[in-house]
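What follows is a short report on a single structure.
None of the figures in this text is laboratory data; all of them are computed from the coordinates on show. In this text the structure is predicted, and so the values were computed from the model without any measurement. Cβ: placed from backbone, ideal geometry, glycine included. Neighbour counts: every protein chain shown.
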Amino acid sequence: MAVKQNLTVQLETGTIRKAKVLAAKRGTSVSALVAAQIEQSVAAEDAYEAARRNALELLEQGFHLGGGRL
């Protein structure tokens, strides 16, 4: 299990109020909402970078399109 660490953020009062309402509707905490959003963003970035590396590797290898010599 990964070690967790606290993070402090500053948000506008109205945003915090809305986040508390949203968290209550979802039966969770504001902290859990923020953590889930950050984890989702990081996972999406990791997936994008992996796909980018894979695409660049394929371009480096080139493609055989089945054509013969001219």
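Here is how the numbers come out for the structure above:
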read-out	value
In nm, spacing of pseudo-spin labels at Gln10 and Gln40 (7 Å Cα→C-beta vector)	2.7
Label point at Glu49 placed 7 Å out along Cα→Cβ; residues across the range 1-43 whose backbone nitrogen lies under 15 Å	39-43
Unit charges at the beta carbon, dipole of the chain: most positive-side option, Gln37, Ala51, Gly27	Gly27
Square roots of 5 times each gyration tensor eigenvalue, C-alpha, the chain, largest first, Å	46, 14, 11
The chain, dipole about Cα centre (Lys/Arg Cβ +1, Asp/Glu Cβ -1), debye to the nearest 20	440
Highest-MSF residue in the chain out of Glu39, Glu60, Glu49 [GNM, Cα springs under 10 Å]	Glu60
Max mean-square fluctuation residue, GNM over the chain, Cα-Cα springs under 10 Å, options Ala35, Ala44, Ala55	Ala55
